[in-house]
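Encoded as structure tokens, the structure appears first; notes follow it.
The values are calculated or read from the model by the stated rules, or taken from the named source; none is laboratory data. Remember, it's a predicted structure, so these values are computed and weren't measured experimentally. Here the Cβ is made from the backbone with ideal geometry for all residues, glycine too, and neighbour counts use every protein chain on show.
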Amino acid sequence: MNSLSPQQPKVARRAVISVRGVEKHFPIKEGTLQRVVGQVRAVDGVSFEVRPGETMGLVGESGCGKTTLGRCISGLVPPTGGKIYFRLSDQDAARLDEIDAIPEPDRSAEQRKEVERIDANHRVDVLSGKAWRTYRRNCQIVFQDSFSSLNPRQLVKDLVGRPLQVHKEASGQELIERVVSLLESVGLGRQHLYRYPHQFSGGQRQRISIARALALDPEFIVLDEPTSALDVSVQAQILNLLHELQKERGLTYLFISHDLGVVRLMSDRIAVMYLGKVAEYGTSMELFGDPHHPYTEALLAANPDMASEESVMKGLSGTVPSPANPPEGCRFHTRCPVATPACGWEVDDAVAWLQVHETLLAGLTAVQRRSNFDATLDFQDEDSASAVGRAIHDGDVPPAMKAALEMVSTEGRSVHVRFIPVEPVWLEDIGDGHLTACLLHTRQGKQPWPPQPIADSSNRAAANPSSASTTNSKAR
Amino acid sequence: MTQSQVGIDTTQGQATRPLVASVRDLKIYFEAKAGVVHAVDGVSFEIRDGETLGLVGETGCGKSVTARSFIRLVPSPPGIYAGGQIDFWSTESRRNRSEPIDLLQIPHEEMLAIRGDRIAMIFQDPGKALNPALSIRSQVAEVFYQHRSEEILEPFGEDVPRLIRRAARQQTRSFEKFLLNLPPWRAKAAKLRMRVDELVAQALTETQIPNPRTIMASYPHELSGGMKQRVLIAQALACNPDLLIADEPTTALDVTIQARILELIAELQERLETSVLYISHDLSLVKEICDRVVVMYAGRIIETGTTEEVFSAPKHPYTRGLMAAVPSAHHRRGELAAIEGTVPELVDPSPACRFNTRCPFAVDICRTVDPEVVAVGGEHTVACFAYNTSDGSVDLPTLERWVS
């Protein structure tokens, strides 16, 4: 299925882009002084590699951070954590792996120097001078909305020729000729040079964006939902064009989309993102043929397929939780149909469940939160407190949540709820480079449940002092 | 509506179902600088009782304009209702076996009574369809004030004071509103409000909204997209309409939410025995949820039939092309069957098959004459010369296999 071999012989084996634990947190500011009161964790620790000549697919629902990650990779916004490397050789990658395994203070001066050397040459957000320009030439982006990404006051000749001018590649008549040949390579022509973007249809405008991205003959292009604003017949034209260009020029793509059908068609490997984290990662064959994460399964089930005979569209209950306060454990557990007690049940889940029965929370006056797993709910009177206590204890709570409950006690007007704390869920290789973050399939999930609580909870409390703040919000 | 055939059953027997609406030769034009745009140009189709009819087509093919003309929402000017009629049978008129009403001819007041009551619409972008400055409660309540004032007045019994009656219709003037705040009326006004709250909560519960009372007090920006669409559905189905027009109700939503919303619409449709006109550009979706399909291209209908007929054996080259262009598991990369070219301009079109510029099989006749709609077995009809029989005088196109 992959027409281009992932490694090309001309260079040493390397990845075009290596994303290593990238985080992008946006501050939430409040008040006159714009005090930072929280962080929206748009991208929260994502790692993958894109090899030369391949297409990496990034798929997920709106708000999962796929576009933000694309922008980080293309250097439009700096990541707040983690590192993105450009053209990192496998040798250097192995060195980095080695050094990263050593905690920061224990590293020798030599090791530090080595990291600095690699960073200076390859790390996208610290590149400067010539290396930075090389990177900018070689990494281009095509945006989703061609209406807002093409300047309405510029002619096509200026739009497509701009990168050539900026990098002093061509000028005068040569520039025009270069632009014409670019336009021809995307199926437009000389007759389109002196027109404005509004004179084109959506498909043609997207072709102009692609021509502009190709102007400097880049190695790598981030395609951020390039066809989601287009009709299917035009989408097919653009997808075919992208594939042709990739074959001709040996391009490497990062293909971001919410459309599973399109991603499946275009990508060699796919990362499924949910709430800022990668839920599953693997070749498109493995991922679609044998998904190992309930979220991937849910996406597949919800996607209507022309080819299938049976109509089996199935949705997911609930909504995507806020990335400003992502769920503990596995971030998908709040909507997961097969969640287990170990998936990270917390106070917010209990509150969300109580909210469905609206009379129960009517008398709530305050929530004292010691951690996400441990909180006291204060009520106006003893009756409502005991009603809530009973509801959590005996009501039709999801069995997995009930099993994760460590303690519910009602004392006067307050209810104390404590869940068994869990570790965050990490991605694990389940064979052949197929990674999943679902406890049902990983070794992490095979650890004994419940975990040995004493050492664990004290660790968490020390590591997480900020979460013990007192709020009186009913939910996140 | 107690006939046994009501509900979503097999395609057999559908032809005998009574009609809800019948569109005949509908023409809607728009005045533009360049000339008159023939956005909808002679469209005819029927909607039967209890069915889900899919109206499919790409951007600019006139599907939304067609749907909006049902409740006369096409702004005029620049829109021109240039011809045709839309006959509509409400449940009552069908029961009394009376004549249908022509939605394009009835006076404005009558239209107001039908809009939102007998014919309701769900719009594409729930974010734009709700007023950001009003609470969910007041937006849903408006439907009841408009169409169900009798229901609101139920708890007041037989003898309702005139002021309360006016309040239940939202016809109070400012001094009357002031009166309603004074002691003799205050209790009654509160009772009225509680009754409306009750109806709104009930409508929201229908669409499986958790905590309807909390949601009622909130504003659109506080809700997620899926929740907003549920509110719109509650609003649309509050009066138990005969016809629900769903204009791409899930385009703005994520797939997992989309599936839930579609489940909800299907469930409510079955329970309320409503007919649905479902507009979408997404073929795979239409295949899943519709009983019959109408395919539009550039203001014309080019193919109709049951979902089964159209999807298992598409006849028109455009329909075939469209289906081949949807990426699916068996496609190889770079071999997606794209339809070359773009949708033609609809300014003062000359007679010709509208698809001839993009059709790989077009011959001379396609470029000069409008193709007639021909039946090709069952309920399947198509407007393409390839299905006409020739008397030998003109060349007709033959459809070979669509692009390999």
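Has region A:319-328 got at least one residue that is crowded, with 19+ Cβ neighbours inside 10 Å, within 30 Å of B:ALA266 (Cα to Cα) and within 13 Å of chain B (Cβ to nearest Cβ)? Taking every residue of region A:319-328 in turn, at least one turns out to be crowded, with 19+ Cβ neighbours inside 10 Å, within 30 Å of B:ALA266 (Cα to Cα) and within 13 Å of chain B (Cβ to nearest Cβ).
Would you say A:PHE288 is more than 12 Å from chain B (Cβ to nearest Cβ) and aromatic (Phe, Trp, Tyr)?
No.
Since B:ARG367 meets every condition but one in (1) under 29 Å from the mean Cα position of the chain (by Cα); (2) among the charged types (D, E, K, R); (3) not in a loop (DSSP other than H, G, I, E, B), which condition does it not meet? Only one criterion is unmet by B:ARG367, namely (1). No other residue among A:PHE220, A:PHE255 is more than 10 Å from chain B (Cβ to nearest Cβ), crowded, with 24+ Cβ neighbours inside 10 Å and hydrophobic (A, V, I, L, M, F, W, C) apart from A:PHE255. Taking region B:214-236 as the range and being surrounded by fewer than 20 Cβ atoms within 10 Å (Cβ to Cβ) and more than 9 Å from chain A (Cβ to nearest Cβ) as the test, the residues that pass are B:ALA217, B:SER218, B:TYR219, B:HIS221, B:GLU222.
Please go through region A:178-198 and pick out each residue that is under 21 Å from B:ILE339 (Cα atoms), surrounded by fewer than 17 Cβ atoms within 10 Å (Cβ to Cβ) and under 35 Å from the mean Cα position of the chain (by Cα). Scanning region A:178-198 gives a single hit, A:GLU184. Every condition in (1) under 27 Å from B:VAL286 (Cβ atoms); (2) at pLDDT 85 or above; (3) not basic (Lys, Arg) is met by B:VAL200 except one, and the failing one is (1).
Here's the yes/no breakdown for (1) touching a Leu at 6+ places or on another chain (Cβ under 8 Å); (2) in contact (Cβ under 8 Å) with a residue 24 or more places away in the chain; (3) within 16 Å of A:PRO304 (Cα to Cα):
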position: B:VAL293; (1), (2), (3): yes, yes, no
position: B:ALA298; (1), (2), (3): yes, yes, no
position: B:THR304; (1), (2), (3): no, yes, no
position: B:THR307; (1), (2), (3): no, yes, yes
position: B:VAL310; (1), (2), (3): no, yes, no
position: B:HIS316; (1), (2), (3): no, yes, no
position: B:THR319; (1), (2), (3): no, yes, no
position: B:LEU322; (1), (2), (3): yes, yes, yes
position: B:ALA325; (1), (2), (3): yes, no, yes
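Scanning region A:236-252 for residues that are more than 9 Å from chain B (Cβ to nearest Cβ) and in contact with a Pro (Cβ under 8 Å, 6 or more places away or on another chain) yields a count of 3.
Looking at region A:397-411, is at least one residue within 14 Å of chain B (Cβ to nearest Cβ), in contact (Cβ under 8 Å) with a residue 40 or more places away in the chain and crowded, with 19+ Cβ neighbours inside 10 Å? It would help to see each step written out before you state the result.
First, pick out the residues of region A:397-411 that are within 14 Å of chain B (Cβ to nearest Cβ): none.
Checking region A:397-411: not a single residue is within 14 Å of chain B (Cβ to nearest Cβ), in contact (Cβ under 8 Å) with a residue 40 or more places away in the chain and crowded, with 19+ Cβ neighbours inside 10 Å.
Could you pull out the residue among A:ALA362, A:ALA375, A:ALA352, A:ALA366 that is within 12 Å of chain B (Cβ to nearest Cβ) and either crowded, with 19+ Cβ neighbours inside 10 Å or in contact (Cβ under 8 Å) with a residue 60 or more places away in the chain (or both)? Working first, answer last.
Working: A:ALA362 fails: either crowded, with 19+ Cβ neighbours inside 10 Å or in contact (Cβ under 8 Å) with a residue 60 or more places away in the chain (or both); A:ALA375 fails: within 12 Å of chain B (Cβ to nearest Cβ); A:ALA366 fails: within 12 Å of chain B (Cβ to nearest Cβ).
Unique residue meeting the criteria: A:ALA352.
All of B:THR306, B:THR342 fail the test of being of a type in the set (S, T, N, Q) and more than 22 Å from A:VAL262 (Cα to Cα), apart from B:THR306. The residues of region B:237-273 that are more than 28 Å from B:TYR297 (Cβ to Cβ) and either away from chain A (no Cβ under 14 Å) or aromatic (Phe, Trp, Tyr) (or both), listed by number, are B:LEU237, B:ALA238, B:CYS239, B:ASN240, B:PRO241, B:ASP242, B:LEU268, B:GLU270, B:ARG271, B:LEU272, B:GLU273. Answer yes or no as to whether B:LEU336 is crowded, with 23+ Cβ neighbours inside 10 Å, within 8 Å of another protein chain (Cβ to nearest Cβ) and in a loop (DSSP other than H, G, I, E, B). When the stated conditions are applied, B:LEU336 passes them.
If we scan region A:189-199, do we find a residue that is out of contact with any helix residue (DSSP H, G or I) (no Cβ under 8 Å at 6 or more places or on another chain) and farther than 27 Å from A:LEU76 by Cα?
Taking region A:189-199 and keeping what is out of contact with any helix residue (DSSP H, G or I) (no Cβ under 8 Å at 6 or more places or on another chain), we get A:191, A:198-199.
Keeping just the survivors that are farther than 27 Å from A:LEU76 by Cα gives A:191, A:199.
Scanning region A:189-199 turns up at least one residue that is out of contact with any helix residue (DSSP H, G or I) (no Cβ under 8 Å at 6 or more places or on another chain) and farther than 27 Å from A:LEU76 by Cα.
For region A:157-177: of the residues being within 33 Å of the chain's Cα centre (by Cα) and hydrophobic (A, V, I, L, M, F, W, C), which is farthest from A:THR134 (Cα to Cα)? Among those that are within 33 Å of the chain's Cα centre (by Cα) and hydrophobic (A, V, I, L, M, F, W, C), it is A:LEU159.
Is it the case, given these coordinates, that A:VAL338 is modelled with pLDDT under 85, more than 9 Å from chain B (Cβ to nearest Cβ) and either surrounded by fewer than 16 Cβ atoms within 10 Å (Cβ to Cβ) or assigned to a strand (DSSP E or B) (or both)? Break it down stepwise before answering.
Numbers: modelled with pLDDT under 85: no; more than 9 Å from chain B (Cβ to nearest Cβ): yes; either surrounded by fewer than 16 Cβ atoms within 10 Å (Cβ to Cβ) or assigned to a strand (DSSP E or B) (or both): yes.
No.
Return the residue satisfying two criteria in turn: it lies in region B:67-91 and is of a type in the set (S, T, N, Q) and assigned to a loop (DSSP other than H, G, I, E, B), and of such residues it is nearest to B:ALA234 (Cα to Cα). Even if it seems obvious, please write down each step before you answer.
First pass over region B:67-91, keeping only residues of a type in the set (S, T, N, Q): B:69, B:76, B:85, B:90-91.
Subsequent filtering for residues that are assigned to a loop (DSSP other than H, G, I, E, B) retains B:76, B:90.
Values: B:SER76: 29, B:SER90: 20 Å.
Per the criteria, the residue is B:SER90.
Scan region B:281-297 and tell me whether some residue there is facing chain A (nearest Cβ under 10 Å), under 23 Å from the mean Cα position of the chain (by Cα), surrounded by fewer than 21 Cβ atoms within 10 Å (Cβ to Cβ) and among the charged types (D, E, K, R). Yes, there is a match, as at least one residue in region B:281-297 is facing chain A (nearest Cβ under 10 Å), under 23 Å from the mean Cα position of the chain (by Cα), surrounded by fewer than 21 Cβ atoms within 10 Å (Cβ to Cβ) and among the charged types (D, E, K, R). Selection of first residues in region B:35-61 that are within 20 Å of B:PRO314 (Cβ to Cβ) and within 12 Å of another protein chain (Cβ to nearest Cβ) and of second residues that are among the charged types (D, E, K, R) and assigned to a strand (DSSP E or B), restricted to Cβ pairs under 9 Å at least 6 apart or on distinct chains, gives the following pairs, ordered by first then second residue: B:CYS61/B:ARG300.
Out of A:VAL160, A:VAL179, report the one residue that is at pLDDT 90 or above, in contact with a Gly (Cβ under 7 Å, 6 or more places away or on another chain) and assigned to a helix (DSSP H, G or I). Before the answer, list the steps.
Values: A:VAL160 fails: in contact with a Gly (Cβ under 7 Å, 6 or more places away or on another chain).
Answer to the selection: A:VAL179.
So is A:SER209 in contact (Cβ under 8 Å) with a residue 40 or more places away in the chain and among the hydroxyl-bearing types (Ser, Thr, Tyr) or not? When the stated conditions are applied, A:SER209 passes them.
In region B:92-150, which residue that is of a type in the set (D, E, K, R) and part of a loop (DSSP other than H, G, I, E, B) is surrounded by the fewest Cβ atoms within 10 Å (Cβ to Cβ)? The residue in question is B:ARG97. Taking residues in region A:232-245 that are without any contact (Cβ under 8 Å) to a residue 24 or more places away in the chain and closer than 22 Å to B:VAL286 by Cα, and partners anywhere that are acidic (Asp, Glu) and buried (at least 24 other Cβ atoms within 10 Å of the Cβ), not one pair has Cβ atoms closer than 9 Å while being at least 6 places apart or on different chains.
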